[in-house]
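A short worksheet on the structure shown next.
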Amino acid sequence: MSGCVALLTFAASFGQTTLFTDDFEDGDDDGWTVTQGNWDVIEGRYRPVGGQRNYSYAGDPTWSNYRVEVDVYLGEPDPTGSHWDIAFRVDPTSNPCVDHGCAGRQYILLYDPLTSELVLRYGHGSGTTDVLHYPHYLDPLREYRVTVTVIRFTVTVEIDGISFSYTFHGSDPLYSTGVIGVGHYREDGIDGGAYVDNIVVSLEDLCERVCQSTDTSLGMPATIEFKGGDGSWGTFGAEPVPNQFGIFFYGSTQTRLPFGNGFLCTGGGIVRALPPVVATGNRAEATIDLTSLSGIRYFQYWFRDPAAGGAFFNTTDALCCDFDAGG
């Protein structure tokens, strides 16, 4: 992640968290919901089975910033029209589907072999609207690994050695969360051998860990984490911490100053996320309003620790979060 600069050597990027994976080697499509046409697992691949329009989705509707990786194969193209679709931030309650007039609320990447274009569009209450056409020929009889990453409202597509991005803005609908979907359209309704396979969804973090924390009365340092959000609100957690009250806070600059039994890692117009919280099970958590934030912010958690003696309070390490990443 660009923008976050560590003091000394205490910075570390978060490890990538896998949210969902399916290679269909178990022979079933558990976890998938078909809303249009028919899908089946055939020879370890997820395939649309006949018909003009086929759509299926999977995942957690609370997913927000994530990366989707999937193998796609269009198969023998229909000269009158065919395409494959990868959908993301799909509202599963909106009856998502693959039609151009589909009312499902979702973002969609598709490949149209008739025009040799990758198309980015969104679905809304009265149909779909194209926002980007990217000319690039793909062989319909070749399997491709497609990666779609969505952070805040910017989507980045990687396929066949190319990469392009688009930021939803202005009159575009801003969908913050949603599941993933796969779709296939073929005008003649004939099975052309299309499939998807080896699907992986992983969490994309906006934050990096910086600074350091010291041992608490629990015998180990406490850490802060960003659990995700919807673009307007974000949930932060801290653990392990004593079951005492504490406050999450943030600022615009990074420091490293002795503070209580630990370090103050945040400066520059500190804002406290009120009200204070009381940890339970040695974990504290709070949801913070992020709507007014832009650029770099450093988040930290302060907590009472009377059992440790000394100053009777301590802090976690800090997170550097870039709110301009992803548009």
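The values are calculated or read from the model by the stated rules, or taken from the named source; none is laboratory data. Being a predicted model, the structure only gives us computed values, none of them experimental. Reconstructed Cβ throughout: ideal geometry from the backbone, glycine too, with neighbour counts over all protein chains shown.
Take the residues in region 149-187 that are small (Gly, Ala, Ser) and more than 25 Å from ASP71 (Cβ to Cβ); name whichever of them is nearest to the chain's Cα centre (by Cα).
SER176
Identify, by number, the condition in (1) within 26 Å of the chain's Cα centre (by Cα); (2) modelled with pLDDT under 95; (3) farther than 20 Å from THR156 by Cα that ALA58 doesn't meet.
(2)
Identify the single condition in (1) surrounded by fewer than 18 Cβ atoms within 10 Å (Cβ to Cβ); (2) out of contact with any Phe, Trp or Tyr (no Cβ under 7 Å at 6 or more places or on another chain); (3) closer than 30 Å to PRO113 by Cα that THR167 does not satisfy, given that it satisfies every other one.
Every condition holds for THR167 apart from (2).
Quick check, is GLY262 surrounded by fewer than 20 Cβ atoms within 10 Å (Cβ to Cβ) and in contact (Cβ under 8 Å) with a residue 12 or more places away in the chain?
no
Just for strands (runs of 3 or more DSSP E) wholly inside region 209-261: which have at least 3 residues that are polar (S, T, N, Q)?
Because the criterion is at least 3 residues that are polar (S, T, N, Q), the strands (runs of 3 or more DSSP E) in region 209-261 that meet it are 253-259.
Looking only at residues in region 226-239 that are farther than 11 Å from ALA286 by Cβ and surrounded by fewer than 17 Cβ atoms within 10 Å (Cβ to Cβ), which one is modelled with the highest pLDDT?
SER232
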